[in-house]
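Peer 1: Here it is, the structure in full.
All of the numbers you see were taken from the coordinates with simple rules; none came from a lab. Values in this document were obtained by computation on a predicted structure and should not be read as measured data. Cβ sites come from the backbone with ideal geometry, for glycine too, and all protein chains shown count toward neighbours.
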Amino acid sequence: MPKFLHISDIHLGFDRYDSKQRTLDFFYALQDVLEKYAVAESVDFVIIGGDLFEHRNIKPAILNQAQLCLRMLQAANIPVLAIEGNHDNAPYGTKSSWLRYLSDWGLLKLLEPGNISANEPFYSLWDEETQRGGYIDLDCGVRVLGSNWYGAAAPRAIEQIAEAMGELPAAPGPSILLFHHGLEGQISRYSGALRYSEMLPLKKAGVDYLALGHIHKNYEEDGWIFNPGSLEANNVEESQFKRGAYLVEIDHNSIQAQLKTDYRQRPIVRLQLQMRTQDEIEAVAEGAIARITQAIKTQAIIPEQQPIVELRITGTVGFDRLELDTRSLQKTLQETVPRPNFSAALRRRRSGLRLPHCR
């Protein structure tokens, strides 16, 4: 059976929290996943469901990270098929994206539908000379089709894709469609997600495996829709999401998709400290140190793993919250527990204090 690796939402160049170390985490996660589950597993191909990069404009070092990973696959003769996500689109005022650059250099194949307004067919077969095409029939007997980032126009785009698939020659085997969009009901506060019924035209058109991206949480639907989630958590809230990379075997009769999560990821620990009305401001630092120390003793925090630690401080206090110097608290925690890399930011709530990002 053909075997492939499905990853998405890699976000190379992630730079929130102003931490170079955290930016490197996203590169190390991708590198480890490709080594363990693409090269070591001898997959036939790798698919990327969008958002390879965090930003449309990237620094040379981030481009180099992508090239190093893709060249590893190239050396192993493993083709990479990709689409652009909403983070990958060409920067405003330009006609080319960085994924197009990587595709032009032969490090991946960017599968893009044609420009119908310019009288191009919606789907044309991949051309190795021009490095252009909307779908490809691989030697292993699998057809892979691409798509764009459609945003609110996704329901109409699904109709176009289904119609265009009906005009193609018969597929040599199972068909995979790369589609960067989310399914309704998977996460809260996400507007614009598609209903399952809106996806069904793709199944009727012959899609055996719908390879999604965009939502950073792993989910599956009805045995044909698969979303691996992001490789790394983009914030501490995402630490509660199951996520990873799909190692898949597929034929016309079955899909065996295993979510792989055993790869290099930085642990995230979320702690809480409850303050009381009578507590003085000095009690915040004392309580924070005690809470971190307790977590280390119980091995909720393993310092050698250099985890991200969120310490949320809640409660109604008897002093002005503006008096709390979070930078000083951060330094105190670093001196008390030198191994983990702590940082702190203060959010003000009517009900009391909150330190949401101590890492």
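Peer 1: For segment 3-260, what proportion of DSSP beta bridges, expressed in % and rounded to the nearest 5, is antiparallel?
Peer 2: Looking only at bridges with both residues in segment 3-260, the antiparallel portion is about 45 percent.
Peer 1: Here's a follow-up. I'd like the orientation of helix 154-165 relative to the chain: the angle between its Cα long axis and the longest Cα principal axis, in ° from 0 to 90, rounded to 10.
Peer 2: 30 degrees
Peer 1: Nearest 10 degrees is fine. How inclined is helix 60-75 to the longest principal axis of the chain, computing both from alpha carbons?
Peer 2: Helix 60-75 sits at roughly 50 degrees to that axis.
Peer 1: Sticking with this one: Quick one: angle between helix 326-336 and the longest Cα principal axis of the chain, in degrees between 0 and 90, rounded to 10, please.
Peer 2: The helix 326-336 is inclined about 80 degrees to the chain.
Peer 1: Something else about it: At a 10 angstrom cut-off on C-beta neighbours, averaged per residue, how do the peptides 254-261, 48-55, 115-122 rank from highest to lowest?
Peer 2: 48-55, 254-261, 115-122
Peer 1: Rounded to a whole number, what is D in µm²/s for segment 3-260 from Stokes-Einstein with the Kirkwood radius over alpha-carbon pairs (20 °C, 1.002 mPa s)?
Peer 2: For these conditions, the coefficient is 117 µm²/s.
Peer 1: For Lys204 and Glu120, FRET efficiency with R0 = 25 Å and r from the beta-carbon atoms, rounded to 0.05?
Peer 2: E between Glu120 and Lys204, to the nearest 0.05, is 0.50.
Peer 1: For segment 141-200, what size does the Cα cloud have along each of its three principal axes, sorted from largest down, in whole Å?
Peer 2: Extents along the principal axes: 40, 20, 19 Å.
Peer 1: Further, regarding this structure: Run down the lysines and flag those whose C-alpha is under 28 Å from the C-alpha of Lys331, throwing out any fewer than 8 positions away in its chain.
Peer 2: Hits, sequence-local ones excluded: Lys20, Lys297.
Peer 1: Order the peptides 224-237, 153-166 from the highest to the lowest mean number of other Cβ atoms within 10 Å of their residues.
Peer 2: Final packing ranking: 224-237, 153-166.
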